[in-house]
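Below: the structure, in structure tokens.
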Amino acid sequence: MKWIGNGRPRRYLLGLLIGLVLAGCASERAYREGQDLAREGRTEDALVRFEEASRRDADSAKFRIAVLQTREGLVSAALAAGRKALDEERYDDARAAYQRAMTWQPGNSRAQEGLNAIAAAQRHTKWMSAAQQALDRKEDKEAESWARMVLTEDPQHRKARTFLQSLEDSSQKKAGVALLAEAYRKPITIEFKDTPLKSVFEVISRTSGLNFLFDKDVRADQKTSIFLKNSTIEAAVNLTLLTNQLEQRVLDANSVLIYPNTQAKQKDYQSLTVKAFYLGNAEAKVVASTLKTILKSRDVVVDEKLNLLILRDTPEAIRMASRLVAMHDVGESEVMLEVEILEVKRTRLLDLGIRWPDQIALSPLAASTGAVTVADLRGLNSETLGATIGPTTINARKVDTDTNILANPRIRVRNREKAKILIGERVPNITSTSTATGFVAESVNYVDVGLKLDVEPTISIEGDVAIKIALEVSSVTSQIQTKSGSLAYQIGTRTAQTMLRLKDGENQVLAGLINSEDRQTGNKVPGLGEIPLLGRLFGQQRDDTAKTEIVLSITPRILRNLTRPGSANLEFESGTETSLSGFSWGSPDAATKAAAATGNAPADGGAKPTNGAAAPQSNGDAGSQTPTALTWQGPERVKVGDVFAVQLTMQSSQPVMSLPLAVGFDARSMQVVSVTEGDFLKQGGVQTNFSSRVDPSGQIVLTVTRSGDSGATGSGVVATVNLRATAAAGADARVQLLTAAPVAQGGKAVSAPLPSPLVIGVVP
């Protein structure tokens with residue numbers, strides 16, 4: 001008992017209580033700081049504060065939940081960043097992201113899988129680079145071996161599969177097409193007038209070394225006239241066939257079959273190709289209708305479940321179908337609508353004055369018997385008459401109310417699709433129904449009350465957004481009870497409908513939906529209540545003002561829009577009414593025509609066939625007819641240790657399919673960090689093959705090849721080279737283009753003058 005009565009235990013308990021209070025305050029303060037940091041976007045710092053709060057108060061579920069949620073968010077963001085960097089082949093960034101995820105959550109299986117995928121991707125990149133180098137050395141077997149090693153580990157590796165397919169196709173065509181192409185390019189001058197057709201081909205055969213076979217239905221007495229100077233064998237053959245309603249089929253490297261250009265003969269001699277199109281955006285049945293209308297194709301099969309289109313037609317029709325499918329199969333435009341709706345309501349109430357009694361009620365007093373008789377009414381006086389006067393009320397009240405109702409939705413919607421937003425309630429309306437037997441049934445109907453917004457955007461290819469808007473703001477103003485006891489609601493509403501056109505990121509404010517009410521109510525003593533100022537003592541005045549305004553602010557932001565195709569895809573030759581083959585100037589060369597005639601389409605990265613046979617070329621390069629320019633972009637001066645980027649841009653009005661380059665740089669003052677592909681050859685979302693090899697002594701060799709049948713036009717970045725300044729240069733360092741050999745459709749060379757070197761000053 002003495003120990004309990006001592007002051008030391010009380011001081012100990014008091015100190016313990018104070019310590020617990022301080023610890024609780026510290027943990028709560030750390031939690032609030034973490035919330036503030038999270039709102040600022042500093043998630044990592046917020047996690048540190050949440051962990052501190054959880055350590056101080058280990059029993060708090062609130063703190064533990066904050067730690068778990070924040071850590072999970074960081075891990076998810078790191079995994080997503082790693083996946084994106086891996087897809088874009090930015091392996092260093094991907095590795096750093098996965099390692100951050102492992103730091104916050106050790107042993108995370110998805111992060112470990114990502115690190116393994118990075119190692120495999122880098123290994124496959126090296127193997128594919130070795131395969132390309134072997135192919136450049138014309139060692140096809142070694143190149144095939146490297147590519148098959150990649151497919152052994154990753155059977156779905158897209159580049160390896162494309163590489164092998166290209167290797168197989170090129171090996172099948174090299175022997176035949178190359179010889180025929182060489183023969184077709186030989187020069188010839190020929191002049192005949194009313195000469196038998198077979199005599200003309202005999203002269204062409206002796207000059208070119210080709211064999212010409214004739215179908216039995218080609219008339220032996222058919223005559224022709226042809227005058228060509230400084231032309232080619234290809235032009236002579238094609239123009240002779242065109243003017244005599246004949247067609248050709250390449251049989252092998254040395255032989256060509258000539259037959260009448262009739263529907264029956266085409267069925268006998270024209271080779272047919274089967275092509276499957278897996279569509280990602282367009283509907284297969286819509287594309288099939290286009291092919292049947294334009295190409296007159298009959299063998300078209302549609303699988304709506306797989307969104308697959310299978311076409312069987314001539315090689316010319318297949319190539320044209322590929323262009324038409326590319327026009328259809330593009331992603332739909334999407335727009336993000338940032339909407340802000342503000343309802344401002346202001347009410348002012350002033351109730352001031354004295355409400356005097358406005359009536360007196362007189363009533364006879366009952367007699368002792370409790371009943372009023374006629375005799376009592378005859379003797380009414382002050383003792384037998386009662387008076388009732390209403391109350392006197394003094395009112396002195398002023399009420400000011402400001403209300404702001406804000407809605408800030410963000411909605412993403414596709415082009416020409418409707419989107420709806422409802423922020424409010426569904427109010428029930430109960431309806432009672434009675435039958436002749438007395439049975440009463442109730443039904444409930446719901447009415448949407450609140451803020452309703454309907455939008456329908458139309459996105460133009462120029463980047464404008466036309467938006468059809470329907471806005472409705474409603475509220476329950478009163479309740480009404482029917483005679484049967486059912487409850488109904490009186491709803492006040494304001495609506496606005498409009499159509500506007502905005503640019504991407506342009507804001508528009510729609511205002512003016514104003515509802516203004518001003519009510520004045522007075523209860524005054526006649527005469528006295530009209531006296532200025534003093535009238536308030538003899539009456540009551542109630543002023544009630546209410547004003548409501550609705551403001552709508554809308555901003556469209558285009559997330560994805562259609563890319564206008566190049567001129568080569570907007571307009572191209574489609575042959576004649578009877579044949580898709582054409583003979584216009586600038587069409588593919590003989591190698592392409594021969595590949596088309598034999599049904600062998602070129603591999604990706606090689607010369608791509610287009611419609612029709614080749615025509616004679618004008619003197620000089622084909623590319624000299626249209627301007628093509630390459631330019632450098634980069635800093636003028638950098639410091640030692642800086643990492644900087646230089647970009648090679650290209651502008652061309654000719655469709656470019658492939659672009660091999662050799663770049664030189666000053667290895668004494670800079671080194672290459674990375675080489676990345678630009679967006680020039682990726683126009684329209686087309687897949688490309690990009691390879692680069694860096695020689696530390698000062699040279700970069702890179703090749704970009706576009707897949708598909710259409711080339712890239714316009715302007716854009718070809719490649720970006722990231723460099724690090726390593727030493728100050730006695731003279732200005734240079735980055736220059738050593739060689740450039742752009743290739744257009746059909747394998748034609750594009751004339752592109754080399755740009756001036758990029759001069760960069762490297763200072764300490």
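Within region 701-732, which residues are among the small types (Gly, Ala, Ser), in contact with a Ser or Thr (Cβ under 6 Å, 6 or more places away or on another chain) and under 25 Å from Asp92 (Cβ atoms)?
Within region 701-732, Ala727 is the sole residue that qualifies.
Residues are listed down the side, and each one gets a yes or a no for (1) closer than 21 Å to Ser653 by Cβ; (2) at pLDDT below 85:
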site: Phe690; (1), (2): no, no
site: Val694; (1), (2): no, no
site: Val701; (1), (2): no, no
site: Val704; (1), (2): yes, no
site: Thr713; (1), (2): yes, yes
site: Thr720; (1), (2): no, no
site: Ala728; (1), (2): no, yes
site: Val735; (1), (2): no, no
site: Ala741; (1), (2): yes, yes
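Only one residue in Lys285, Lys275, Lys267, Lys292 is surrounded by fewer than 18 Cβ atoms within 10 Å (Cβ to Cβ), in contact (Cβ under 8 Å) with a residue 12 or more places away in the chain and in a helix (DSSP H, G or I). Which one?
Only one candidate qualifies: Lys285.
Within region 740-761, work out how many residues are within 22 Å of Gln671 (Cα to Cα) and open to solvent by 30 Å² or more (accessible area, probe 1.4 Å).
Total meeting the criteria: 3.
Mind checking which pairs have a first residue in region 674-691 that is free of Cβ contacts under 8 Å to residues at least 60 places away in the same chain and a second that is small (Gly, Ala, Ser) and open to solvent by 40 Å² or more (accessible area, probe 1.4 Å), Cβ under 6 Å, 6 or more apart or different chains?
Between residues of region 674-691 that are free of Cβ contacts under 8 Å to residues at least 60 places away in the same chain and residues that are small (Gly, Ala, Ser) and open to solvent by 40 Å² or more (accessible area, probe 1.4 Å), the close pairs are Val675/Ser692.
From Thr401, Thr384, which residue is closer than 28 Å to Gly492 by Cβ, out of contact with any helix residue (DSSP H, G or I) (no Cβ under 6 Å at 6 or more places or on another chain) and modelled with pLDDT under 85?
On inspection, the qualifying residue turns out to be Thr401.
Tell me which residues, restricted to region 292-317, are under 21 Å from Gly685 (Cβ atoms) and aliphatic (A, V, I, L, M).
Leu306, Leu308, Leu309
Could you identify the single residue in Ser199, Ser231, Ser225 that is outside any strand (DSSP E or B), of a type in the set (Gly, Ala, Ser), open to solvent by less than 70 Å² (accessible area, probe 1.4 Å) and out of contact with any His (no Cβ under 9 Å at 6 or more places or on another chain)?
Residue meeting the stated conditions: Ser199.
I'd like to check something: does region 477-494 contain any residue that is modelled with pLDDT of 80 or more, in contact with a strand residue (DSSP E or B) (Cβ under 7 Å, 6 or more places away or on another chain) and over 21 Å from Val449 (Cα atoms)?
Within region 477-494, none of the residues are modelled with pLDDT of 80 or more, in contact with a strand residue (DSSP E or B) (Cβ under 7 Å, 6 or more places away or on another chain) and over 21 Å from Val449 (Cα atoms).
If you take the residues of region 165-194 that are in contact with a strand residue (DSSP E or B) (Cβ under 8 Å, 6 or more places away or on another chain) and open to solvent by less than 20 Å² (accessible area, probe 1.4 Å), which of them is modelled with the lowest pLDDT?
Leu180
Report the residue count in region 453-474 for those that are open to solvent by 60 Å² or more (accessible area, probe 1.4 Å) and not acidic (Asp, Glu).
Residues that pass the stated criteria total 2.
For residues in region 743-764 being touching a Pro at 6+ places or on another chain (Cβ under 7 Å) and aliphatic (A, V, I, L, M), which is modelled with the highest pLDDT?
Ile760
Take the residues in region 680-739 that are among the acidic types (Asp, Glu) and under 30 Å from Val763 (Cα atoms), then tell me which one is least open to solvent (accessible area, probe 1.4 Å).
Asp695
Scan (1) aliphatic (A, V, I, L, M); (2) modelled with pLDDT under 80; (3) open to solvent by 50 Å² or more (accessible area, probe 1.4 Å) for the single condition Leu422 breaks and write down its number.
Condition not satisfied by Leu422: (2).
The values are calculated or read from the model by the stated rules, or taken from the named source; none is laboratory data. All of these numbers come straight from a predicted model, not from anything done at the bench. Cβ sites come from the backbone with ideal geometry, for glycine too, and all protein chains shown count toward neighbours. Just the protein is used for accessible areas: all its heavy atoms, side chains included, with ligands, DNA and RNA removed. Shrake-Rupley method; radii C 1.70, N 1.55, O 1.52, S 1.80 Å.
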